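Down below is the structure, laid out as structure tokens.
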Amino acid sequence: MPRHTPPARRLQHRRLLAVLAVVAGIVGLVTTATVASGKTSIPSADETAATTARVMDAGDWYLTLPTGSKGKPDTVQPAQLADYSSKWFHATPEKDGIVFTANAGGVTTSGSSYPRTELREMNGSKLAAWSNTRGTHTLTVRQAVTALPAAKPEVVTAQIHDSEDDVMEVRLESGKLIASYNDGRTDVTLDPKYTLGTPYDLTITASGGRIRVAYNGAKKLDIAKRGSGWYFKSGSYVQSNTSKGDKPSAVGVVVIYKIAATHTS
């Protein structure tokens with residue numbers, strides 16, 4: 001004889017199915033919203049360490065972060081950088097690059113009003129410092145800007161710096177990517193209509209008393225400028241803060257896929 005399910009049990013079963021359907025719908029909505037907003041989970045510390053090893057020689061850099069105390073941001077020294085991971089510095093979901101994030105409300109260095117998550121060149125255990133009157137000094141980096149603050153959409157992605165200020169810098173201003181020098185008074189356009197998320201290859205060469213910049217293999221800048229105490233920097237140096245109208249959580253995000261600083265005598 002066929003078995004019959006009591007009415008009470010059938011009612012409980014239907015209620016359970018309804019609850020499961022609601023839960024599944026909520027999960028689906030959350031998942032859809034997460035994908036649509038571009039938010040993804042941060043890879044593990046081990047995954048970031050493996051990616052860092054592919055992207056750079058961590059021993060050649062130290063990292064400045066947008067955290068810490070006023071005028072004294074946290075830093076990560078070369079010995080720790082190889083294994084470092086945080087929401088400011090971590091692998092991409094594809095594990096093909098390192099994401100550098102700096103927020104407009106972050107801590108700044110004593111010499112700047114803008115926060116950064118940025119690499120600073122080292123020479124072993126010492127701070128790198130060289131002159132373009134001797135030897136050839138080259139920064140090669142493949143990178144992409146993926147986010148900008150809303151109120152002041154600017155970020156510096158690479159620099160030559162000296163003991164006091166930037167010598168030249170590569171900066172994205174809204175959709176215009178430029179190489180700037182003379183304290184920002186002079187610039188050349190690298191890409192007039194840069195699209196966020198587009199990787200590009202940048203080569204900065206300092207030698208013979210000159211600075212040259214190539215963008216995706218094309219020569220863009222060649223100027224006579226000499227100096228000493230220079231070093232390379234790269235990452236996300238966001239050019240905004242809350243006084244510019246941006247929220248503390250507004251970010252500039254730069255992904256570095258490969259970076260190296262080389263020097264020949």
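Structural remarks
- Cα-based reach from Lys176 at 17 Å (exclusive), listing aspartates and glutamates while leaving out same-chain residues under 8 positions away: Glu154, Asp187, Asp191, Asp201
- Three semi-axes of the equivalent ellipsoid, region 156-223, Cα gyration tensor, whole Å, largest first: 19, 14, 10
- Peptides 47-59, 137-149 ordered by average Cβ neighbours within 10 Å, highest first: 137-149, 47-59
- Summed side-chain charge close to Gly209 - residues other than Gly209 whose Cβ falls under 15 Å, Lys, Arg +1, Asp, Glu -1: +3
- Across the accessible surface of region 63-173, with the other protein chains kept in place and a 1.4 Å probe, carbon and sulfur atoms take up 46 percent.
- With 0.36 nm allotted per residue and the present C-alpha distance subtracted, the Ser69-Thr189 stretch has 39.6 nm of extension available.
- The shape of region 82-228 can be summarised by an equivalent ellipsoid whose semi-axes, obtained from the alpha carbon gyration tensor, come to 24, 19, 16 Å from longest to shortest.
The values are calculated or read from the model by the stated rules, or taken from the named source; none is laboratory data. Quick caveat, the model's predicted, so the values are computed rather than measured. With ideal geometry, Cβ positions are generated from the backbone for all residues, glycine too; neighbour counts draw on all protein chains shown. Quick note on the areas: whole protein, heavy atoms, side chains included, nothing else; ligands and nucleic acids left out. Shrake-Rupley method; radii C 1.70, N 1.55, O 1.52, S 1.80 Å.
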